[in-house]
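A short worksheet on the structure shown next.
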Amino acid sequence: MNLFDVYPLYNITPVKAIDCTITDKDGIEYLDLYSGHGVISIGHTQPDYIAKLKNQLDNIGFYSNAIQNPLQVELAEKLGKLSGYEDYTLFLCSSGAEANENALKLASFHNGKSRVIAFDNSFHGRTSAAVAVTDNKKIVAPINAQQVVTFLPLNNIDLVEAELQKGDVCCVIIEGIQGVGGLDEGTTTFFQALEKKCEQYDVVLILDEVQSGYGRTGKFFAHQYHNIKADIICLAKGMGNGFPIGGIMISPKFTASYGLLGTTFGGSHLACAAGIAVLDVIESQKLMDNVNEVYAYFLEAIKQVPEIIKIKGKGLMLGVEFDFDVSALRKKMIIEKHIFTGNANNKNLLRILPPLTINKEAIDTFIIALKESLEEIKA
């Protein structure tokens with residue numbers, strides 16, 4: 001049997017990773033400024049994280065959600081405290097798409113409506129409802145297109161309100177900062193107006209913080225820069241540092257009932273151990289402080305590269321934008337300079353999503369390599 005060929009692959013085979021460095025089968029070391037789509041939050045093979053998982057695996061790795069699992073309670077308590085959402089409740093699942101899927105479902109249960117407002121260039125996952133609210137027709141199959149979704153531009157509250165006034169909108173789903181779409185984001189004025197309008201029209205506000213959460217922007221969630229609260233907050237990627245775990249944080253306005261939501265693998269003992277370890281390391285190593293410090297350094301250091309027309313995003317969720325397609329540049333950085341970065345729907349943008357443990361020396365390495373690559377491309 002062969003693999004179903006849906007991924008264009010670089011000819012690189014990683015066999016070892018420590019913190020922000022990946023080593024391939026030939027012994028070549030790569031600087032990881034992408035974290036596998038922003039998944040690695042506390043660094044590859046972080047010692048406390050590895051010890052926590054190994055210890056848990058020696059005891060029990062999995063059983064169903066029909067039994068008591070104190071690790072779920074511990075994870076919820078620590079997450080609530082560190083994020084500032086102690087009065088919310090937590091439903092655990094296994095991925096970002098599953099988190100968004102459950103958020104959309106819960107919103108629809110809550111107010112009995114079904115139409116969704118999403119935004120241009122959004123990405124929320126590849127499962128049924130999650131992909132329907134993703135602005136990419138290429139990945140929306142006919143079975144997904146049955147969902148009723150209205151896509152609007154960011155930062156136009158009048159257009160949003162015009163749709164809310166029709167009375168059939170279940171929820172608005174928005175990323176704290178757009179990831180795949182290219183690091184665009186709502187303004188503070190827009191987010192604050194969106195919160196008020198959703199409350200006014202009994203519409204659920206869902207914040208997709210799958211990529212922009214867990215300290216990546218320098219606050220625990222990107223929407224906290226705008227002094228708002230969401231009804232449901234979706235989590236995944238950095239939550240498990242590579243172990244599959246996701247979840248939704250749910251406002252007290254929602255009422256739980258048996259069978260309302262469910263999952264087989266979500267909230268397993270091993271997943272919770274990973275999630276607890278991540279939160280402990282973020283807190284003990286003050287990683288959000290590091291994010292802010294490295295971000296400030298990055299903004300100054302990147303001024304050495306005059307070809308850049310704009311820096312987008314916040315913290316360590318960044319987009320470096322040029323006035324040309326960066327595909328060749330990104331490939332050169334990976335193959336010749338041994339630095340991983342990401343791409344986006346915006347073909348002129350390099351995405352920078354390193355582990356939250358990244359240091360200033362690594363930023364210097366990136367900038368030197370970027371300047372060299374740009375000169376070589378010009379030549």
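Output the number of residues of the stretch 1-16 satisfying the condition of being open to solvent by 100 Å² or more (accessible area, probe 1.4 Å) and either in contact with an Asp or Glu (Cβ under 9 Å, 6 or more places away or on another chain) or among the polar types (S, T, N, Q) (or both).
So the first thing to find is which residues in the stretch 1-16 are open to solvent by 100 Å² or more (accessible area, probe 1.4 Å), and the list is 1-5, 7-9, 11, 16.
Checking the rest, the ones that are also either in contact with an Asp or Glu (Cβ under 9 Å, 6 or more places away or on another chain) or among the polar types (S, T, N, Q) (or both) come to 2, 11, 16.
The number of residues fulfilling the criteria is 3.
Out of Thr365, Thr357, report the one residue that is surrounded by 21 or more Cβ atoms within 10 Å (Cβ to Cβ) and touching a residue at least 12 places away in the same chain (Cβ under 8 Å). Write out each step before concluding.
Working: Thr365 fails: surrounded by 21 or more Cβ atoms within 10 Å (Cβ to Cβ).
The match here is Thr357.
For residues that are assigned to a helix (DSSP H, G or I), without any contact (Cβ under 8 Å) to a residue 40 or more places away in the chain and open to solvent by 40 Å² or more (accessible area, probe 1.4 Å), tally how many sit in the stretch 80-131. The number of residues fulfilling the criteria is 3.
Quick check: is even one residue across the stretch 1-11 without any contact (Cβ under 8 Å) to a residue 60 or more places away in the chain, over 29 Å from Ile352 (Cα atoms), part of a loop (DSSP other than H, G, I, E, B) and charged (D, E, K, R)? No, because not a single residue in the stretch 1-11 is without any contact (Cβ under 8 Å) to a residue 60 or more places away in the chain, over 29 Å from Ile352 (Cα atoms), part of a loop (DSSP other than H, G, I, E, B) and charged (D, E, K, R).
Among the residues of the stretch 145-187, the one identified as under 27 Å from Arg351 (Cα atoms), in contact with a Ser or Thr (Cβ under 7 Å, 6 or more places away or on another chain) and in a strand (DSSP E or B) is Glu175.
Just one of the listed residues (Ile60, Ile67) is out of contact with any helix residue (DSSP H, G or I) (no Cβ under 6 Å at 6 or more places or on another chain), open to solvent by 20 Å² or more (accessible area, probe 1.4 Å) and β-branched (Val, Ile, Thr), and it is Ile67. Restricting attention to the stretch 166-182, the residues that are of a type outside the set (A, V, I, L, M, F, W, C) and either in contact with a Phe, Trp or Tyr (Cβ under 6 Å, 6 or more places away or on another chain) or buried (at least 17 other Cβ atoms within 10 Å of the Cβ) (or both) total 6. If I ask for residues that are among the β-branched types (Val, Ile, Thr), open to solvent by less than 20 Å² (accessible area, probe 1.4 Å) and within 17 Å of Val203 (Cα to Cα), which ones from the stretch 132-160 would you list? Those that are among the β-branched types (Val, Ile, Thr), open to solvent by less than 20 Å² (accessible area, probe 1.4 Å) and within 17 Å of Val203 (Cα to Cα): Val133, Val160.
To keep it simple, each residue is scored yes or no on (1) more than 24 Å from Thr357 (Cα to Cα); (2) open to solvent by less than 40 Å² (accessible area, probe 1.4 Å); (3) among the aromatic types (Phe, Trp, Tyr).
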residue	(1), (2), (3)
Glu293	no, no, no
Phe298	no, yes, yes
Lys310	yes, no, no
Gly313	no, yes, no
Leu318	no, yes, no
Phe322	yes, yes, yes
Asp325	yes, no, no
Lys332	yes, yes, no
Ile339	no, yes, no
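In the stretch 18-52, which residues are among the hydrophobic types (A, V, I, L, M, F, W, C), surrounded by fewer than 20 Cβ atoms within 10 Å (Cβ to Cβ) and closer than 23 Å to Tyr214 by Cβ? Show your work before the answer.
Here is the first cut: in the stretch 18-52, the residues among the hydrophobic types (A, V, I, L, M, F, W, C) are 18, 20, 22, 28, 31, 33, 39-40, 42, 50-51.
Going one step further and asking which of them are surrounded by fewer than 20 Cβ atoms within 10 Å (Cβ to Cβ), we end up with 18, 28, 50-51.
Of everything in the stretch 18-52, those that are among the hydrophobic types (A, V, I, L, M, F, W, C), surrounded by fewer than 20 Cβ atoms within 10 Å (Cβ to Cβ) and closer than 23 Å to Tyr214 by Cβ turn out to be Ile18, Ile50, Ala51.
Every condition in (1) within 19 Å of the chain's Cα centre (by Cα); (2) surrounded by fewer than 24 Cβ atoms within 10 Å (Cβ to Cβ); (3) not in a helix (DSSP H, G or I) holds for Tyr225 except the one numbered (3). Being within 15 Å of Ile245 (Cα to Cα), assigned to a loop (DSSP other than H, G, I, E, B) and out of contact with any Pro (no Cβ under 6 Å at 6 or more places or on another chain) is not true of Asn59. Checking Glu195, Glu163, Glu185 one by one, the residue that is within 23 Å of Ala130 (Cβ to Cβ), crowded, with 24+ Cβ neighbours inside 10 Å and modelled with pLDDT of 95 or more is Glu185 and no other. A Cβ distance below 6 Å, combined with a sequence gap of six or more or placement on separate chains, defines the contacts here; from the stretch 162-175, residues that are closer than 15 Å to Ile228 by Cβ reach residues that are among the aromatic types (Phe, Trp, Tyr) in the pairs Ile174/Phe119.
Looking across the stretch 21-56, just one residue is part of a helix (DSSP H, G or I) and among the acidic types (Asp, Glu), and that is Asp48.
Only one of the listed residues (Leu349, Leu370, Leu374, Leu287) is in contact (Cβ under 8 Å) with a residue 60 or more places away in the chain and under 24 Å from Ile42 (Cα atoms). That residue is Leu287.
Residue by residue through the stretch 201-222, note down the ones that are charged (D, E, K, R), within 20 Å of Lys78 (Cβ to Cβ) and open to solvent by 10 Å² or more (accessible area, probe 1.4 Å). Let's see the steps before the verdict.
Going residue by residue through the stretch 201-222, those that are charged (D, E, K, R) are 202, 208-209, 216, 219.
So of that shortlist, the ones also within 20 Å of Lys78 (Cβ to Cβ) come out as 209, 216, 219.
Of everything in the stretch 201-222, just one residue is charged (D, E, K, R), within 20 Å of Lys78 (Cβ to Cβ) and open to solvent by 10 Å² or more (accessible area, probe 1.4 Å), namely Lys219.
The lone criterion from (1) without any contact (Cβ under 8 Å) to a residue 40 or more places away in the chain; (2) farther than 19 Å from Ile282 by Cβ; (3) of a type outside the set (Ser, Thr, Tyr) left unmet by Ala76 is number (2). Filtered by the rule that a residue be in contact with a Cys (Cβ under 9 Å, 6 or more places away or on another chain) and free of Cβ contacts under 8 Å to residues at least 40 places away in the same chain, the stretch 240-281 gives no residues.
The values are calculated or read from the model by the stated rules, or taken from the named source; none is laboratory data. These numbers were taken from a predicted model, which means no experiment stands behind them. All Cβ positions, even for glycine, are placed from backbone atoms using ideal geometry, and neighbour counts span all protein chains on display. These area figures cover heavy atoms from the full protein model, side chains too; ligands, DNA and RNA do not enter into them. Shrake-Rupley method; radii C 1.70, N 1.55, O 1.52, S 1.80 Å.
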